[in-house]
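J.: First the structure, which I've put down as structure tokens, then a few questions once you've had a look.
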2 protein chains.
Amino acid sequence: MFEIAIKNGLCLVKDRFLRFNIGIEGNKITYVGKEDIRGEENINATGCFVLPGFFNAHTHSAMTLLRGYAEGLPLKEWLEKIWEKEAKLDERAVYLGAKLACVEMLKSGITCFADMYIHMDSIAKAVEETGIRAVLGYGMADRGDEKRAKEEMRIAMDFIKNWSGKKRMEFILAPHAIYTCSPEFLAEIARIAKEKGIIKHIHASETLWEVREAKKRYGMSPIELLNSIGFLDNKTVLAHGVWLSERDMEIISEKGASVAHCPSSNLKLSSGIAKVAEMLEKGINVCLGTDGAASNNLLNLFTEMRISALLQNLRRKFLNPAEFLRMATSNGYLAYGINGGMIEKGKLADLVIMEVSHIHQPLYEPVNSIVFSSLGSEVRDVIVDGRVVLEDREPIYFELEELIEEVRLLLSFDYYYEKV
Amino acid sequence: MFEIAIKNGLCLVKDRFLRFNIGIEGNKITYVGKEDIRGEENINATGCFVLPGFFNAHTHSAMTLLRGYAEGLPLKEWLEKIWEKEAKLDERAVYLGAKLACVEMLKSGITCFADMYIHMDSIAKAVEETGIRAVLGYGMADRGDEKRAKEEMRIAMDFIKNWSGKKRMEFILAPHAIYTCSPEFLAEIARIAKEKGIIKHIHASETLWEVREAKKRYGMSPIELLNSIGFLDNKTVLAHGVWLSERDMEIISEKGASVAHCPSSNLKLSSGIAKVAEMLEKGINVCLGTDGAASNNLLNLFTEMRISALLQNLRRKFLNPAEFLRMATSNGYLAYGINGGMIEKGKLADLVIMEVSHIHQPLYEPVNSIVFSSLGSEVRDVIVDGRVVLEDREPIYFELEELIEEVRLLLSFDYYYEKV
């Protein structure tokens, strides 16, 4: 008798779909196979795909509050409007925004996300309450000020101390970028991360401007700079990586660092199209992120898989669709050192049950259907850490309608003039 | 008393969202305003957007049968696999494929589509049965053979004769492209179209290869060639238009022709990114299409709006999101000379009722939310020609499950080995 048995679904096991039953005990998958198992809770997955949980490898969850706030503007004006608004976000706002993000992610099959932002206690609280898994870090920037560097590090470490040991939470050190953090500060972060075994997450090579600035200031690319101060190892996740040179990719591959690819955001902010095919060729672990909702505007990895695949096609790089499914699931778990993202005995029970819909038909090969013709709204149930957190499209641990009403009241000044 | 009253929705009226009631009599909108109207049938649209119907301005509907069939392949190998399969499609196959397309389109708010393909009687039958509106034309190609040109024209005209006068159907002359049709044949089509007042639809400037071939063979761009033989006027819809020169755009604008922009397909087949911003600047009527499901793989204009907007951003062309909503609705109706695509008294009652979802929140400006953060699965009810054809996400006039089972049996040889 298992705690949960998922029965008769088409399960993604090592890139193939097989009709299997899955048994869960505690927070782990303890059985995958053909036997007719039973659970205290039995989930009928007939007519459904069963997928490993999706991992959103780069986001700023509370930026849901800024979704759709500043559209149709060029980057500079867009940023000004966003920053002005962001400066006003307090703890309660970030809490509500993160919670809105958590529900959107769960409803589209994301079981874990990596977040760097401000007011991290609020985000941790949202994670705790919604039942999702997360990897959290305070977004640090010293801007060359030694005193500020110390203070930023203190905030980051205090946050980790306060929440460490909590269920479904891991922690990262998350300096913003090489153009907002000094090399000395980044080196210090790398030192502490190594000492304590913490994973590091940083924006890198997002825009051509960033690469040019690095060359001007340091005579090196952002990746070469990070490498020169010992920042790169297999506990490093680089967000974006749009403008990587051949040499940059070789360094990343050699050091075993991961890249969190964010295709929609890179289009929206005119950053560019990442060389995913080349990164994979070089053996880099590429995972997939949505970035914040202000630059996406969704938090949905089905959309990201499809856009990423379409963009690589545009570049005449025709990858096997299975690559994108791995990027969205197991590669994210791998990047952040969490034992999930695969349907396999012993892995964390982070699982997604998704209806096979008319848009997947005809079903020549389920992997193709899922990557190129899913919206994410086909997700029916989600299990995180061995616990059902979304059932029949409804979150279990809180009221969505109430949350939306709270967000509306919070933003009432800017909000659309009529309640919907 | 109206036949149908749609009440209390946020209605898109001239690019703005207002809380209005809408009255329908026969196949027309006969009231838009604040009065508390009543209908024989009353639809409560509280918590919903009410949008004009979406117009899929370029597709090959029955290609749903080839969705996901040949992924991860470069163009040439992709085409070989697709053509081999397409050659085997018979009338029944096209009928089932078109029907699968109709349901997908209705479920994502498409009320009308323009189709060029083979076995057009089967497609017309699917349109008749599902309740959608369509503009249909047999896809003609003479390949420089005069006899074949005559035969192609006969098939096209017979199809129009057989179905003309049927509800919710208009007809077009649809030569495939300048590289599959001779200039003489295209000129003859233009002559007949003018004489009979029929709209023409052709693939044009889809790939760089096509433009180079035209220059080599004719010393002109595809658009210049079409112009030189009198093919371009305000009853012409050009599919794709990815590789238009400044001069091409000026010609199209001057002649009043429309362009059916298909962003996902242009990515998938490595064709390129269309210059939407420049076309709009020049006053060209740009509408939006999905192309066939084999090169998309969805038939969903919400996806196309979002991708189109993201791609223009990548090009640093920051358009007002309202432009994309017009492209997906009124511009399509305008291109094909059908009196719909707007919520206005006297227009055809082709309407979409769509839930305001958590992914649209917070609602700073509904247009932004709809363009950048809709999936299409939020569509609840669809009215075509004054008749409810989708209610609470279910098609009214046929059984979706039965249809999918028929498709599965049809394709059983290639189909995924287990019934889902």
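J.: Do you know which of the residues in the stretch A:249-291 that are assigned to a strand (DSSP E or B) and either under 22 Å from residue B:304 (Cβ atoms) or open to solvent by 10 Å² or more (accessible area, probe 1.4 Å) (or both) is nearest to the other protein chains (Cβ to nearest Cβ)?
T.: A:288
J.: Which one of these is within 24 Å of residue B:286 (Cα to Cα), away from chain A (no Cβ under 12 Å) and of a type outside the set (Val, Ile, Thr): B:326, B:380, B:387?
T.: B:326
J.: Taking the stretch A:333-371 only, how many residues are among the hydrophobic types (A, V, I, L, M, F, W, C) and assigned to a loop (DSSP other than H, G, I, E, B)?
T.: Of the residues in the stretch A:333-371, 6 are among the hydrophobic types (A, V, I, L, M, F, W, C) and assigned to a loop (DSSP other than H, G, I, E, B).
Quick grid of which residues meet (1) out of contact with any Phe, Trp or Tyr (no Cβ under 9 Å at 6 or more places or on another chain); (2) among the small types (Gly, Ala, Ser); (3) within 30 Å of residue B:325 (Cα to Cα):
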| site | (1), (2), (3) |
| --- | --- |
| A:94 | no, no, no |
| A:111 | no, no, no |
| A:129 | no, no, no |
| A:137 | no, yes, no |
| A:142 | no, no, no |
| A:165 | yes, yes, no |
| A:174 | no, yes, no |
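J.: Which residues, taken from the stretch A:188-206, are touching a strand residue (DSSP E or B) at 6+ places or on another chain (Cβ under 9 Å) and either within 15 Å of residue A:152 (Cβ to Cβ) or of a type outside the set (D, E, K, R) (or both)?
T.: A:189, A:190, A:192, A:193, A:198, A:199, A:200, A:201, A:202, A:203, A:204, A:205
J.: For residue B:79, work out the one condition from (1) surrounded by fewer than 21 Cβ atoms within 10 Å (Cβ to Cβ); (2) modelled with pLDDT of 95 or more it doesn't fulfil.
T.: Answer for residue B:79: the failing condition is (2).
J.: Related question: Assess whether residue B:114 counts as being more than 10 Å from every other protein chain (Cβ to nearest Cβ) and free of Cβ contacts under 8 Å to residues at least 12 places away in the same chain.
T.: The answer is no for residue B:114.
J.: Which ranges mark the helices (runs of 4 or more DSSP H) fully within the stretch A:182-238 that have 2 or more residues being of a type in the set (Asp, Glu), open to solvent by less than 60 Å² (accessible area, probe 1.4 Å) and within 23 Å of residue A:272 (Cβ to Cβ)?
T.: A:208-218
J.: Which condition number does residue A:290 fail, the rest of (1) of a type in the set (Ser, Thr, Tyr); (2) within 19 Å of the chain's Cα centre (by Cα); (3) not assigned by TED's automatic domain parsing to the domain that holds residue A:273 being met?
T.: With respect to (1) of a type in the set (Ser, Thr, Tyr); (2) within 19 Å of the chain's Cα centre (by Cα); (3) not assigned by TED's automatic domain parsing to the domain that holds residue A:273, residue A:290 is out only on (3).
J.: Give the residue, chosen from B:107, B:28, B:88, B:99, that is touching an Asp or Glu at 6+ places or on another chain (Cβ under 8 Å) and among the basic types (Lys, Arg).
T.: B:99
J.: Then there's this: Can you go through A:70, A:124, A:98, A:134 and tell me which one is open to solvent by less than 10 Å² (accessible area, probe 1.4 Å) and touching a Leu at 6+ places or on another chain (Cβ under 8 Å)?
T.: A:124
J.: So, one more: Is it fair to say residue A:103 is in contact (Cβ under 8 Å) with a residue 12 or more places away in the chain, within 10 Å of chain B (Cβ to nearest Cβ) and in a helix (DSSP H, G or I)?
T.: Criteria met by residue A:103.
J.: In the stretch B:170-197, what residues are touching a helix residue (DSSP H, G or I) at 6+ places or on another chain (Cβ under 6 Å) and over 22 Å from residue B:59 (Cα atoms)?
T.: B:185
J.: Of all residues in the stretch B:117-139 being touching a Cys at 6+ places or on another chain (Cβ under 7 Å) and not β-branched (Val, Ile, Thr), which is nearest to the other protein chains (Cβ to nearest Cβ)?
T.: Restricting to residues being touching a Cys at 6+ places or on another chain (Cβ under 7 Å) and not β-branched (Val, Ile, Thr), the top hit is B:126.
J.: Another question about this same structure. Which residues, counting only those in the stretch A:38-59, are more than 10 Å from every other protein chain (Cβ to nearest Cβ), in a loop (DSSP other than H, G, I, E, B) and either of a type in the set (Gly, Ala, Ser) or surrounded by 24 or more Cβ atoms within 10 Å (Cβ to Cβ) (or both)?
T.: Scanning the stretch A:38-59 gives A:45, A:53.
J.: In addition: Does residue B:382 meet the test of being of a type outside the set (Phe, Trp, Tyr), crowded, with 24+ Cβ neighbours inside 10 Å, in contact (Cβ under 8 Å) with a residue 60 or more places away in the chain and touching a helix residue (DSSP H, G or I) at 6+ places or on another chain (Cβ under 6 Å)?
T.: yes
J.: Next question. Would you mind telling me which numbered condition in (1) polar (S, T, N, Q); (2) in contact (Cβ under 8 Å) with a residue 40 or more places away in the chain; (3) assigned to a loop (DSSP other than H, G, I, E, B) residue B:303 fails?
T.: Here residue B:303 clears every test but (3).
J.: I'd like to verify a number: residues in the stretch A:11-37 that are part of a loop (DSSP other than H, G, I, E, B) and modelled with pLDDT of 95 or more, how many?
T.: 6
J.: Checking the structure you have, find out if any residue of the stretch B:340-356 is within 24 Å of residue B:131 (Cα to Cα), open to solvent by 10 Å² or more (accessible area, probe 1.4 Å) and within 8 Å of chain A (Cβ to nearest Cβ).
T.: The answer is no; no qualifying residue exists.
J.: Which members of the stretch A:60-71 meet the condition of being at the interface with chain B (Cβ under 9 Å from one of its Cβ atoms) and either without any contact (Cβ under 8 Å) to a residue 24 or more places away in the chain or over 10 Å from residue A:299 (Cβ atoms) (or both)?
T.: A:65, A:66, A:68, A:69, A:70, A:71 - these are the residues of the stretch A:60-71 that are at the interface with chain B (Cβ under 9 Å from one of its Cβ atoms) and either without any contact (Cβ under 8 Å) to a residue 24 or more places away in the chain or over 10 Å from residue A:299 (Cβ atoms) (or both).
The values are calculated or read from the model by the stated rules, or taken from the named source; none is laboratory data. Everything numeric here is computed off the predicted structure, so don't read it as measured data. Please note: Cβ atoms are built from the backbone with ideal geometry, for glycine as well, and neighbour counts cover all protein chains shown. When the accessible area is computed, the model is the full protein with side chains, heavy atoms only, and any ligands, DNA or RNA have been set aside. Shrake-Rupley method; radii C 1.70, N 1.55, O 1.52, S 1.80 Å.
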